[in-house]
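In what follows, a single structure is set out as structure tokens and then discussed.
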Amino acid sequence: MTVRGMVETKGAHEIAVTYDVTGEIDKVRWPALSKSQFRRELWTTTCFELFVGIPDTERYLEFNFSPSKEWCGFSFQSYRVGRSDLRDLVFSSFNVTRKESMVSIHAQFEIPETLSNFENSEHRAALTAVIEDTDGQITYWADTHRSDVPDFHNNQSFERLMTPRKDPR
């Protein structure tokens, strides 16, 4: 199985993230489709995550996207400390597509106010995934793991550069 992800900015005010899972997708425990809504602890089964570091601070954001179409977002003041819910995400799209040997999750949403001044700075990001198989085994996927155990909150793993695009207006 392969998990690939892409994150990009759309204009100055949106983030788009896409995850593609290919291969033996029938061996993955996929959550049943649900209403698109905020729900905590999505990471306890198959879900896809985006971490965004806030420049020159220890602060970062975490976004979770479930194949059920449920989602959650959090703001942290520092490493796993000072967590606040981001319940007001506004999605312009959130799609889950399944083909013969591929599942794609695509979400595009407005940049939260927590990322103030987003359009004037570059941000480091990490795309990660939690995959539960049909036997209940969980694997943790990331571009890189910077410690002996999977720790998606480790900001040294935030290696992708997100450069905002200026709004053409």
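The values are calculated or read from the model by the stated rules, or taken from the named source; none is laboratory data. Computed from a predicted structure; not experimentally measured. Don't worry about glycine lacking a Cβ; one is built from the backbone with ideal geometry, like all the others, and counts go over all protein chains shown.
What to note about this one:
- Within region 111-124, the set of residues being in contact (Cβ under 8 Å) with a residue 40 or more places away in the chain and exposed (fewer than 13 other Cβ atoms within 10 Å of the Cβ) comprises 120, 122.
- Considering region 72-110, the residues that are within 25 Å of residue 4 (Cα to Cα) and charged (D, E, K, R) include one that is surrounded by the most Cβ atoms within 10 Å (Cβ to Cβ), namely 110.
- Matching residues in region 143-162 - criterion: being over 16 Å from residue 57 (Cα atoms), surrounded by fewer than 18 Cβ atoms within 10 Å (Cβ to Cβ) and among the charged types (D, E, K, R): 143, 146, 148, 151
- If you check 92, 78, 68 for being within 16 Å of residue 103 (Cβ to Cβ) and of a type in the set (S, T, N, Q), only one passes: 68.
- Answer residue from region 11-23, given it is of a type in the set (Ser, Thr, Tyr) and farther than 13 Å from residue 66 by Cβ and is surrounded by the most Cβ atoms within 10 Å (Cβ to Cβ) among those: 18
Listed here are the residues, each with its yes/no results for (1) touching a residue at least 40 places away in the same chain (Cβ under 8 Å); (2) of a type in the set (A, V, I, L, M); (3) out of contact with any helix residue (DSSP H, G or I) (no Cβ under 8 Å at 6 or more places or on another chain).
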residue	(1), (2), (3)
54	yes, yes, no
58	yes, no, no
73	no, no, yes
87	yes, no, yes
92	yes, no, yes
107	yes, yes, yes
130	yes, yes, no
148	no, no, yes
154	yes, no, yes
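- Qualifying residue in region 24-38 (condition: loosely packed, with under 15 Cβ neighbours inside 10 Å, over 16 Å from the mean Cα position of the chain (by Cα) and of a type in the set (S, T, N, Q)): yes
- Residue ID - farthest from residue 83 (Cα to Cα), chosen from residues in region 37-60 that are modelled with pLDDT of 95 or more and touching a Phe, Trp or Tyr at 6+ places or on another chain (Cβ under 7 Å): 46
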